[in-house]
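Please treat every number below as a calculation from the coordinates, not as lab data. These figures come from a predicted structure and were not determined experimentally. Counting neighbours? That spans all protein chains shown, and the Cβs are built from the backbone with ideal geometry, glycine included.
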Amino acid sequence: MSKKRIPLDELMVAMDAVDALRHQENLVQKELSGEDRRAKLIAKLREIYAEQGIEVTDEMLEEGVRALEEERFVFHPPKAGFQTWLATRYVRRGRWIKPLLVTLGLLGAGGAGYYAVAVYTEQAAVRQMPKTLQQLYAQITTISRDAQAQKQANLLAAEAKEALAQGDVTSAKHKLKALEALLSQLKLHYTIRIVQGAKKRSGIWRIPPHNPGVKNYYLIVEAVDTNGKILSVPVQNEENDVIKEVSQWGLRVDRDTYERVKRDKLDDSIIQNRVVGKKERGKRKPVYSVPTSGSTITQW
């Protein structure tokens, strides 16, 4: 049911009555606690208006008392919440909108500056690519003592040069990285030896995932430089073709070699001839002193 609409003149009187009663706070608190409080309040209001020479009806005065009891014209602050916070921010927008715009402008300028630097750096790297290609190829040619490595370098350099001529920066980057990896590989110089120790595994056999009818035998080996430091080197796992940098890997050998190393270690826990190969500077692959296919694994 909709509420009864109050005429404007009665509403104004009711508001004025409430205001008058609020100025008589002690009276209101006292009278409202009595059983005949409504009649006493109406009588008090009639007396107040009579002193001012204003004639009002009982209905108007009753409406004023009712409005007071219902706190109809009392302002209740809204409960805290997102909508209240949002409205407050809007009302006070003059305080924060200008600083916000300035901050956003600075951030925009900073972002644009960062983008400009990134773009400039990338463009500089692209301009440097022909020189980088020339330097890498010259270093490989100088250090290489491996015909296959030199052939690979020739092919990569030609492909990189063609990619740059075609504006294919992505392809050129891949070719340059491949040349860098080849150069790093050629620079390495180390000895390959069998891992030794009472609690360390020196060999393992595995059944290959794609050929369950055979066993593959591996010696667990490591790379050591001229100072005795164990190196991490790139090794390709023959079971999944993934290349990883590892400090130990499995070198596939025949069964006789595997059994011979096994007997040697079981004799006194010491492998007499641990060195099984050597990787020389300028060479891409090691040269082995044991029968091996050169296949390797990096996990077992």
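When T170, T57, T298 are arranged by Cβ crowding within 10 Å, least crowded first, meaning fewest neighbours, the order is T170, T57, T298.
Taking every C-alpha pair closer than 8 Å and separated by at least 6 residues, the mean separation divided by the residue count of the range 179-300 gives a relative contact order of 31 percent. Toward the positive end of the charge dipole of the range 190-297, with +1 on the Cβ of Lys and Arg and -1 on the Cβ of Asp and Glu, the farthest Cα among A223, V261, W249 is that of A223.
Rounded, prolate or oblate: which fits the range 131-182 when a ≥ b ≥ c are the square roots of the eigenvalues of the alpha-carbon gyration tensor, with rounded for a/c under 1.5 and prolate only if a/b beats b/c?
On the way: a/c = 2.25, a/b = 1.98, b/c = 1.14.
Here the range 131-182 falls in the prolate category.
Step through the table entries K215/K265; K199/K285; K215/K283; K173/K278; K173/K244, compare each Cα-Cα distance with 27 Å, and write down the pairs that go over it. Too far apart for the 27 Å limit: K199/K285; K215/K283; K173/K278. Note on V242 and A165: with the Förster distance fixed at 25 Å, the Cβ-Cβ geometry gives a FRET efficiency of about 0.15. Between amide H atoms placed 1.01 Å from N, distances below 5 Å from V253 occur with Y217, Y218, L219, all of them 5 or more places distant or on a separate chain. By definition, a body whose alpha carbon gyration tensor gives a ≥ b ≥ c is oblate when a/c is 1.5 or more and a/b is not larger than b/c, and the range 212-300 fits this oblate description. For G203, the residues 5 or more places off, or on other chains, whose built amide H falls under 5 Å of its own are I220.
3J(HN,Hα) along the range 229-238, derived from phi through the Karplus expression 6.51 cos²θ - 1.76 cosθ + 1.60 where θ = phi - 60°, amounts to 7, 7, 9, 9, 10, x, 9, 9, 7, 5 Hz, with x in place of Gly and Pro. 3J(HN,Hα) along the range 142-152: 5, 8, 5, 10, 10, 4, 5, 5, 5, 5, 5 Hz, from the Karplus curve 6.51 cos²θ - 1.76 cosθ + 1.60 with θ = phi - 60°, whole Hz, x for Gly and Pro.
A Förster radius of 35 Å combined with the Cβ-Cβ distance from H189 to K215 puts the calculated FRET efficiency at roughly 0.55.
Using 0.36 nm per residue, how much length does the chain from L231 to K131 gain when fully extended, once their Cα-Cα distance is taken away?
Working: separation 100, 0.36 × 100 = 36.00 nm, distance 3.07 nm.
Between L231 and K131, full extension yields an extra 32.9 nm.
With a simple spin-label model that places each label point 7 Å from the Cα along the Cα-to-Cβ direction, the separation between I270 and A158 comes to 5.5 nm.
With a ≥ b ≥ c taken as the square roots of the eigenvalues of the C-alpha gyration tensor of the range 142-300, please select rounded if a/c is under 1.5 and otherwise prolate if a/b is larger than b/c or oblate if it is not? Note, shape of the range 142-300 comes out prolate.
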